[in-house]
1. Search segment 77-94 for residues that are aromatic (Phe, Trp, Tyr) and pair each with any residue that is assigned to a strand (DSSP E or B) and surrounded by 15 or more Cβ atoms within 10 Å (Cβ to Cβ) when their beta-carbon atoms are under 8 Å apart and the residues are at least 6 apart or on different chains.
2. Just to verify a result, which residue in segment 183-204, among those that are acidic (Asp, Glu) and in a loop (DSSP other than H, G, I, E, B), is nearest to Leu156 (Cα to Cα)?
3. Might you let me know whether segment 218-227 holds any residue that is surrounded by fewer than 21 Cβ atoms within 10 Å (Cβ to Cβ) and either assigned by TED's automatic domain parsing to the domain that holds Asp112 or modelled with pLDDT of 95 or more (or both)?
4. Scan segment 6-63 for residues that are closer than 16 Å to Leu220 by Cβ, within 13 Å of the chain's Cα centre (by Cα), touching a residue at least 40 places away in the same chain (Cβ under 8 Å) and not in a loop (DSSP other than H, G, I, E, B) and report the count.
5. From the list Ala251, Ala266, Ala243, Ala234, which one is modelled with pLDDT of 95 or more, outside the structural domain of Pro103 (by TED's automatic domain parsing), within 23 Å of Met65 (Cα to Cα) and loosely packed, with under 15 Cβ neighbours inside 10 Å?
6. Under 8 Å between Cβ atoms, at least 6 apart or on separate chains: pull out the pairs that start in segment 109-136 with a residue that is under 21 Å from Asn97 (Cα atoms) and not assigned by TED's automatic domain parsing to the domain that holds Ile148 and end on any residue that is modelled with pLDDT of 80 or more and assigned to a loop (DSSP other than H, G, I, E, B).
7. Can you tell me which residue is nearest to Ile173 (Cα to Cα) among those in segment 84-126 that are part of a loop (DSSP other than H, G, I, E, B) and hydrophobic (A, V, I, L, M, F, W, C)?
Amino acid sequence: MKQLFITDMDGTLLDDQSKVSPRSARIISDLSRQGALITVATARTPATVQPLLEGMYTSLPAIVMTGAAMWDREKQTYASTRPFEYGADRRLIELLNNYGIRPFVYMFFDNDPLLHVYRHSPLSPEDMTFMDQRRESGLKEFHIDQPIPDGGHTMLLFAMGPKERIFTAADNIRALGICSVSAFTDIFSDNTGILELFAPDVSKASAVLSLKAQTGAEHLVVYGDNLNDLPMMAVADESVAVANALPEVKAAATRVIDANTDDAVALDILSRYTD
């Protein structure tokens, strides 16, 4: 039986230092070279996925930005993208502003490998920290206090803030049915909510099913820990939660394994893979 293994990164594959441990990297690299179909599905962009997975070989593209794109790590280019229709992103920005939410706007331009991030409003301390942690990447460029230019393709509207405000906005926007909405608690701060808006039908779920079809896999196994993993868990043949996952994620899982700090994902794939 041809199996496809897809894992979330933060809190699942990555350890408590937000890194892939040497043991996990070795196991997954060895299995991939033997023919195992393994990749990640993450809310992260290629700018942080590329360096974090540098020591881990996989043959498949990474599902990034919660399914808005697939990233070819070897060629360092997008294998596929699903941007907003032109103008839809502007309307959503106005709607978010009504909730007091000022998003980062993630865009790419034709024939440009960089992801460009625009923010045309004041930055909170949390926003500054978020941005400073990502400025050094060679695959992302921030443009602060600059209007959104024409000619780009918007992939993602990203915002963080007080959890109640973020989740209220998410529920109300989701009810409109005009875009895909992902809202979850920051794993590094229980009081902070994270909001992501994408083009309609973009999700980890649709992305993992697309990759399953592309590879011809007969059995899809996914690993997760947070609320934004629930959609892909719902469409998987087998869903696995790590021990440190949220209670809702454990309840939805087929089974629960050890924690992300114990190389649990890599060891589980090793125990279940048959070439």
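1. Cβ pairs passing all conditions: Tyr78/Ala69; Tyr78/Met70; Tyr78/Trp71; Tyr78/Phe108; Phe84/His153; Phe84/Thr154; Phe84/Met155; Phe84/Phe198.
2. This residue is Asp201.
3. Yes, segment 218-227 has at least one match.
4. Qualifying residue count for the region: 6.
5. Exactly one of Ala251, Ala266, Ala243, Ala234 is modelled with pLDDT of 95 or more, outside the structural domain of Pro103 (by TED's automatic domain parsing), within 23 Å of Met65 (Cα to Cα) and loosely packed, with under 15 Cβ neighbours inside 10 Å, namely Ala234.
6. Taking only residues 6 or more apart or on different chains, not a single pair turns up.
7. Ile101
The values are calculated or read from the model by the stated rules, or taken from the named source; none is laboratory data. Small disclaimer: the values here were computed from a predicted structure and weren't measured. For neighbour counting, all protein chains shown are included, and Cβ atoms are generated from backbone atoms with ideal geometry for every residue, glycine included.
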